[in-house]
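Structure first, commentary second.
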Amino acid sequence: MDVVLRPINDRFFHEQVLPFFQRAMGDAAGALEALSNHLGDAQAFTLCQRLASSALPGGVGSVDSDGWMDLVDRLVFQPWHEAPGGWEVGGSPGGYADEWDEALNLALMVEDPAYPYWDTKAARTVRDNFRRRPPGEQGLASLLAGQWDPFPEFPPDRVFVTQGRGEYAVRERFAFADWAWRPAKTVVHWQVNLPRKLERLLAREQERMKLPSLPERDEVLGYWTGKLAQPPPLSVLFSGLGPNAATWIRELGALTLHLRTAAQTKQGLAALVTRGTTVRL
């Protein structure tokens with residue numbers, strides 16, 4: 001299983017996608033017709049019209065499932081922009097993809113000071129529990145695990161699923177699914193706080209290794225924050241990471257680059273756990 005992160009147009013998601021999914025829960029045909037009026041993208045417009053014309057009365061269960069998946073993939077995971085004729089898809093979708101467990105491992109290392117990444121068994125237990133019901137206070141890790149914030153006005157696991165994971169608790173204002181998103185303001189907040197969290201991670205490593213300093217600390221931090229294009233060669237292996245330390249540092253750099261790029265372009269982020277070719281991106 002992999003996880004994919006994609007930048008999303010914040011205004012398009014707020015103004016078009018979220019209201020569309022909310023209405024589609026009870027009136028799929030009406031939601032499809034209303035959405036099509038705002039689209040200049042020929043492929044999405046055609047999908048909306050075809051699904052609306054064949055839909056039975058009711059919610060998302062009344063529409064053709066394959067066509068619905070094609071439309072959802074396009075709405076959520078493509079780069080949209082506003083044009084004179086309506087919202088259109090333009091450019092190639094950029095993004096980040098990694099093995100889901102490894103991406104979650106990286107995010108928890110940054111977000112959770114108590115995460116025992118040096119202990120393989122204990123760390124796996126934390127990740128497994130995290131996926132079963134992701135908490136909302138772990139930033140990027142919570143997004144990768146499918147937790148929703150802000151709370152949606154529709155159950156996201158009814159939009160689509162890949163693993164069958166999901167919960168929608170209205171009283172608790174808690175929801176998670178195989179996909180999730182964060183608005184641009186949250187992404188900017190994450191980026192502002194990221195250097196401090198990365199410094200904290202390096203400080204934990206220094207303490208664990210009982211060293212007066214980490215020889216490549218500044219270079220590693222510079223790579224993670226985008227000040228250096230390449231990571232340094234390591235003279236001291238990071239504790240608990242063994243020969244995979246260099247790979248880990250590079251992969252975390254790729255993840256932080258994606259977060260930084262989304263923040264700089266004032267875009268939100270959408271995450272999706274994929275299963276083979278079930279979801280077409």
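Can you work out D for segment 81-190 in µm² s⁻¹ from Stokes-Einstein, where Rh is the Kirkwood radius over C-alpha pairs, the temperature is 37 °C and the viscosity is 0.692 mPa s?
Using the Kirkwood radius from Cα pairs, D works out to 212 µm²/s.
Treat each spin label as a single point 7 Å out from the Cα along the C-beta direction, and report the Leu56 to Ser213 distance in nm.
Roughly 7.1 nm, to one decimal.
Using the Cα atoms of segment 10-124 to build a convex hull, what is its mean projected area in square nanometres?
Averaged projected area of segment 10-124's Cα convex hull equals 9.6 nm².
With Cβ to Cβ distances under 12 Å as the rule, what net charge do the other residues near Leu47 carry (K, R +1; D, E -1)?
In short, -3.
In Å and whole numbers, how far do the C-alpha atoms of segment 86-137 stretch along each principal axis, longest first?
50, 20, 18
What's the carbon and sulfur percent of the chain's accessible surface, probe 1.4 angstrom, rounded to a whole number?
Of all accessible area on the chain, carbon and sulfur atoms account for 51 percent.
Measure nothing fancy, just the Cα-based angle from helix 184-209's long axis to the longest principal axis of the chain, in degrees from 0 to 90, nearest 10.
Roughly 30 degrees between the two axes.
Taking only the Cα atoms of the chain, how large is their convex hull per residue, in Å³?
So the per-residue hull volume is 127 Å³.
At 1.4 Å probe radius, can you tell me the per residue accessible area of segment 74-139 in Å²?
For segment 74-139, the per-residue accessible area is 45 Å².
What distance in nm lies between label points placed 7 Å from Cα along the C-beta direction at Arg133 and Ala229?
The modelled label-to-label distance comes out at 4.9 nm.
Report, to two decimal places, the Cα Rg of segment 151-218 normalised by 2.2 N^0.38 Å (N = number of residues).
1.74
Considering only C-alpha atoms, what is the centroid distance from segment 1-30 to segment 184-211, in Å?
That distance is 31 Å.
The values are calculated or read from the model by the stated rules, or taken from the named source; none is laboratory data. Small disclaimer: the values here were computed from a predicted structure and weren't measured. Reconstructed Cβ throughout: ideal geometry from the backbone, glycine too, with neighbour counts over all protein chains shown. Ligands, DNA and RNA are stripped out before the accessible areas are found, and what is left, the full protein with its side chains, is counted by its heavy atoms. Shrake-Rupley method; radii C 1.70, N 1.55, O 1.52, S 1.80 Å.
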